[in-house]
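The structure appears below as structure tokens.
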Amino acid sequence: MTQHSQRPTDTHACQDRPSATWVFGYGSLIYKVDFPFLRREVASIEGWQRRFWQGSHDHRGTPEQPGRVVTLIPAPGNICRGVAYLVEHDVFEHLDHREKNGYQRIATAISLGESAEIVDGVFYIAVPDNPAFLGDAPIEEIAAHIADSHGPSGSNRDYLLQLAVALRELGDDDEHVAELERLLSQRHTPDS
Ligand code: SIN
């Protein structure tokens with residue numbers, strides 16, 4: 001992982017709790033919570049949208065056959081919903097390792113839950129110049145790629161389906177994810 005912004009401890013610490021920072025999750029960080037946190041809130045950030053454009057060599061694919069996982073692309077005015085966690089700074093050691101395959105941390109304003117309180121925080125993004133970036137492709141091709149990929153963290157299909165369920169639970173309507181879920185449900189799988 002390379003860092004685009006300063007460490008969260010430098011500028012993005014929580015005002016009320018300087019030893020902690022808000023981190024916004026929009027992909028597996030929504031549903032796979034393998035780290036301690038102080039608070040968890042449904043949250044959103046503005047100006048970004050999810051796309052299955054990042055390759056995954058280490059979680060949902062292999063170096064020989066990388067899977068496809070989400071990153072965010074700029075989308076002026078779009079609200080991207082996810083979950084924000086307030087974490088102590090030492091948790092970034094774990095998160096940076098987990099997101100090491102092409103993601104970098106950048107600073108963002110995060111709108112929290114019902115209150116719409118705005119806090120400073122960070123999120124992980126995989127930008128197009130990272131070596132694992134796959135970019136756009138016809139949606140059927142992306143679905144086929146996801147259906148056929150597996151890695152140490154499980155199948156790429158499960159990554160997508162768990163994300164789709166988690167987004168519905170948050171009341172989010174993400175057309176890209178919903179369309180991939182629909183295409184995958186039409187495909188034959190060994191256990192279906
Ligand atoms: C995230 O969940 O916020 C980043 C992408 C991922 O780990 O799936």
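Explain nothing, just the number: relative contact order of the chain, from Cα pairs under 8 Å at least 6 residues apart, as a whole percent.
That works out to 27 percent.
So if I take the centroid of the Cα atoms in segment 88-121 and the same for segment 43-79, what is the distance between those two points in Å?
Rounded to whole Å, the Cα centres lie 15 Å apart.
Determine the gain in length on full extension of the stretch E93-V33; use 0.36 nm per residue of separation and subtract their C-alpha separation, reporting nm with one decimal.
Result for the pair: 20.1 nm of gain on full extension.
According to the Kirkwood expression over distinct Cα-Cα pairs, how big is the hydrodynamic radius of segment 12-186, in Å?
So the Kirkwood estimate lands at 16.3 Å.
With everything on Cα atoms, drop me the angle between helix 139-148 and the longest principal axis of the chain, reported from 0 to 90° to the nearest 10.
It is inclined by approximately 90 degrees.
Describe numerically, in nm with one decimal, the distance between label points set 7 Å from Cα along Cα→Cβ at A75 and at D158.
The modelled label-to-label distance comes out at 2.7 nm.
Evaluate the relative contact order of segment 59-144 (contact order divided by residue number), counting alpha-carbon pairs under 8 angstrom at least 6 apart; express in whole percent.
About 23 percent, as a whole number.
Taking neighbour counts of Cβ atoms within 10 Å as a proxy for exposure, in what order, fewest first, do K32, K100 appear?
If I rank by nearby Cβ atoms, fewest first, I get K100, K32.
For the chain, with only Lys/Arg (+1) and Asp/Glu (-1) charged at the beta-carbon, what is the dipole magnitude about the Cα centre, in debye rounded to 20? Let's see the in-between values first.
On the way: 17 positive and 29 negative charges, 33 e Å.
Using Cβ point charges on Lys, Arg, Asp and Glu, the chain gives about 160 debye.
Starting at the first residue of segment 37-42, write each ³J(HN,Hα) from the Karplus equation 6.51 cos²θ - 1.76 cosθ + 1.60 with θ = phi - 60°, in whole Hz, x for Gly and Pro.
Whole-Hz 3J(HN,Hα) from phi for segment 37-42: 9, 9, 9, 9, 9, 4.
Quick one: compute the contact order of segment 107-192, relative version, from alpha carbon pairs under 8 angstrom and 6+ residues apart, as a percent.
Relative contact order for segment 107-192 comes out at 18 percent.
Please give the peptides 16-22, 165-171, 121-127, 142-148 ranked by average Cβ packing (other Cβ atoms within 10 Å per residue), highest first, as a rough proxy for protection.
Put in order of decreasing packing, that is 121-127, 142-148, 16-22, 165-171.
Computed from the coordinates by the stated procedures, all read-outs in this text should not be read as laboratory data. Note that the structure is predicted; figures quoted are calculated from it, not measured. Reconstructed Cβ throughout: ideal geometry from the backbone, glycine too, with neighbour counts over all protein chains shown.
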